[in-house]
């Protein structure tokens, strides 16, 4: 056993058997010899170098701390802004769908049918008002209204009505794209 100890720690080869026993029995003596061993000195030196390297790394980390905090804050602000814009995007898409719905083929056909009905009602109302207008002069058959003016106005209303009917029929037949 002593030969194995001396092979691993040749620095102890000069110690006598009594010195080695004292080394085992006296902790202070053990510490004094232990700290003079080359392997221990090398370990302490490596430990000191690692400590200095850690201090250097820590110093570098501290110099980067403030820019990193700013970058983190900027990133959070950009992320929050992106989330806000994403929410706004959804609102804009909804508005766009609502706007585009007003121009969908079904909606436009429905509007054409309503406009056709309204045009028919307007021309019929004009004709009724002409026929049932206030009697201005019993000898005047137009009830105070110029017949030519009525015919021109009624004709334009009916012309628009019939155009809309034709467009609606073509649309229903699939001839409008």
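Apply the a/c threshold of 1.5 to the C-alpha gyration tensor of the stretch 1-44 and tell me whether it is rounded, prolate or oblate. Before the final figure, lay out each step's value.
Working: a/c = 2.23, a/b = 1.14, b/c = 1.96.
Oblate, since a/c reaches 1.5 and b/c is not below a/b.
Computed packing ranks the peptides 163-169, 88-94 as 163-169, 88-94, most packed first, by mean other Cβ atoms within 10 Å.
Full extension of the chain segment joining residue 47 with residue 31 gains 4.0 nm, where the gain is 0.36 nm per residue of separation less the Cα-Cα distance.
Note on the chain: with a GNM built from Cα contacts shorter than 10 Å, the maximum mean-square fluctuation among 100, 44, 69 falls on 44.
Rounded to the nearest whole Å³, what is the per residue volume of the convex hull around the Cα atoms of the stretch 1-117?
Working: hull volume 27.5 nm³, N = 117.
It is 235 Å³ per residue.
Centroid-to-centroid, using Cα positions, the stretch 95-124 and the stretch 22-57 are 94 Å apart. Distance between the pseudo-spin-label points of residue 39 and residue 155 (7 Å out from Cα toward the beta carbon): 12.3 nm. Relative to the 2.2 N^0.38 Å rule of thumb, the stretch 35-177 has a C-alpha radius of gyration ratio of 2.94.
Pulled fully out, how much extra length does the chain show between residue 108 and residue 166, if you take 0.36 nm times their separation in residues and subtract their Cα-Cα distance?
Details: separation 58, 0.36 × 58 = 20.88 nm, distance 1.47 nm.
That works out to 19.4 nm of additional length.
A short reminder: the numbers here are calculations on the coordinates, not readings from a lab. The shown structure was predicted, so the numbers you read here are calculated from the model rather than taken from an experiment. Cβ coordinates were reconstructed from backbone atoms using ideal geometry, including for glycine residues, and neighbour counts include every protein chain displayed.
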